[in-house]
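The values are calculated or read from the model by the stated rules, or taken from the named source; none is laboratory data. Because the structure is a prediction, the values reported are computed rather than measured. So basically every Cβ, Gly included, is an ideal-geometry build from the backbone, and we count neighbours across all protein chains shown. Protein only, heavy atoms only, side chains kept; ligands, DNA and RNA dropped before computing areas. Shrake-Rupley method; radii C 1.70, N 1.55, O 1.52, S 1.80 Å.
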Amino acid sequence: MSDWFETLEGTLDQIWSRLSRGVADRRAPARQPTFATVSPSGWLEARTVVLRRADRQAAELDVYTDISSDKIKSLTATPRAALHIWEPKPRLQIRLQADVAILQDAEAAGIWSNLPPEARLSYGSTPSPGTQIETSLAYVKDPDPAQFAILRCSLISIDAVHLGDDHRRAAFTRKQDWTGQWLAP
């Protein structure tokens, strides 16, 4: 029996397994990927987000955000993002590129209604995120469904590097129906 990293199919299965586990398990490394965008002024920006949905059939990932956050300004200017996940135990790096749609109001209402009250605190504050304040706690959290947005990431490509005894790298693209291709690591 071969290990998952010896075949393209096994590698892609492992990636989606890790992404799905990231949604379900708060301790999983894929739970908090790095999310990178380009600011309206052209600077690269990276921040940690929480993975909320992974749909292999649709090749989509969801993260939630406050509509007033800087990432919304960046995604409005350039609706693309890169996500990075490092899985230490299998020594697996996963890089994802995606087109991003910003869903809010009616499109996000069903998710908002299912969020527990403590989770809602992340969406709505005065002043808005990124505003200069006098002291570190000079803001008020005020949950507001109008401030809640879902970032729907439609994957374009997946690049995975397994750093085992023999390093392996594989790339998968939507354009090639996720069939995959080995690359030199």
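Taking Cα centroids, how far is region 126-185 from region 64-95 in Å?
2 Å
Lysines near LYS175 by alpha-carbon distance under 30 Å, same-chain residues fewer than 8 away left out - which ones?
LYS71, LYS73
I'd like to compare 120-132, 95-107, 11-23: which one has the highest average count of other Cβ atoms within 10 Å, and what's the full order after that?
Ranked by mean Cβ neighbours within 10 Å, highest first: 11-23, 95-107, 120-132.
Roughly speaking, to the nearest percent, how much of the chain's 1.4 Å accessible area is carbon and sulfur?
Ligands and nucleic acids excluded, carbon and sulfur reach 50 percent.
Just the number please: accessible area per residue for the chain, 1.4 Å probe, all protein chains included, in Å².
Each residue of the chain exposes 57 Å² on average to a 1.4 Å probe.
When the helices in the chain are scored as -39500 (n - 2.57) per DSSP H run of 4 or longer and the sum is shared across all residues, what 222 nm value do you end up with, to the nearest 500 deg cm²/dmol?
-6000 deg cm²/dmol
Compute the Cα gyration tensor for region 1-41, then decide on rounded, prolate or oblate, letting a ≥ b ≥ c be the square roots of its eigenvalues: rounded whenever a/c is under 1.5, prolate when a/b is larger than b/c in the other cases, and oblate in all that remain.
Here region 1-41 falls in the oblate category.
Which value in nm describes the separation of the simple spin-label points at TRP4 and ASP144, placed 7 Å from the Cα toward the beta carbon?
Result for the modelled spin labels: 4.2 nm.
Remind me, relative contact order of the chain in percent, using alpha carbon pairs under 8 angstrom and six or more residues apart?
Relative contact order here is 21 percent.
Could you work out how far apart the two model spin labels at ARG169 and GLN57 are, taking each label as a point 7 Å from the Cα in the direction of the beta carbon, and quote it in nm?
3.4 nm
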